[in-house]
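Written below as structure tokens is the structure these notes are about.
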Amino acid sequence: MELMSKRVQVTVPDRLAEELEKWADYDGRPVSNLCAYLLERAVNDAKREGADWSTQQNRRTQNRSFDQ
């Protein structure tokens, strides 16, 4: 089975963009490749810590009683 990639756009503060550019240059890779790696790592870390996005309820729904 062939793996497909989706494009995701994100806007970050200038300071963060500069840091990502420096890091990517240091690693010898494009910024987009570094960001893809960091996002994948963050999702995997969250799942390892017990995150579960498969349920229909989200935090806003679960915490709605606190907002009212």
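Filtering the stretch 29-50 to residues that are within 18 Å of ALA17 (Cα to Cα) and of a type in the set (Val, Ile, Thr) leaves only VAL31. Among the residues making up the stretch 1-50, those that are of a type in the set (Gly, Ala, Ser) and either outside any loop (DSSP other than H, G, I, E, B) or surrounded by 11 or more Cβ atoms within 10 Å (Cβ to Cβ) (or both) are ALA17, ALA24, SER32, ALA36, ALA42, ALA46.
Given the structure, is VAL12 touching a Phe, Trp or Tyr at 6+ places or on another chain (Cβ under 9 Å), on the phi < 0 side of the Ramachandran plot and not small (Gly, Ala, Ser)? Spelling it out, it is not the case that VAL12 is touching a Phe, Trp or Tyr at 6+ places or on another chain (Cβ under 9 Å), on the phi < 0 side of the Ramachandran plot and not small (Gly, Ala, Ser).
Read the figures in this text as sums done on the coordinates, not as results from a lab. Because the structure is predicted, anything quoted here is derived from the model rather than measured. Note that we place each Cβ from the backbone using ideal geometry, even for glycine, and neighbour counts take in every protein chain shown.
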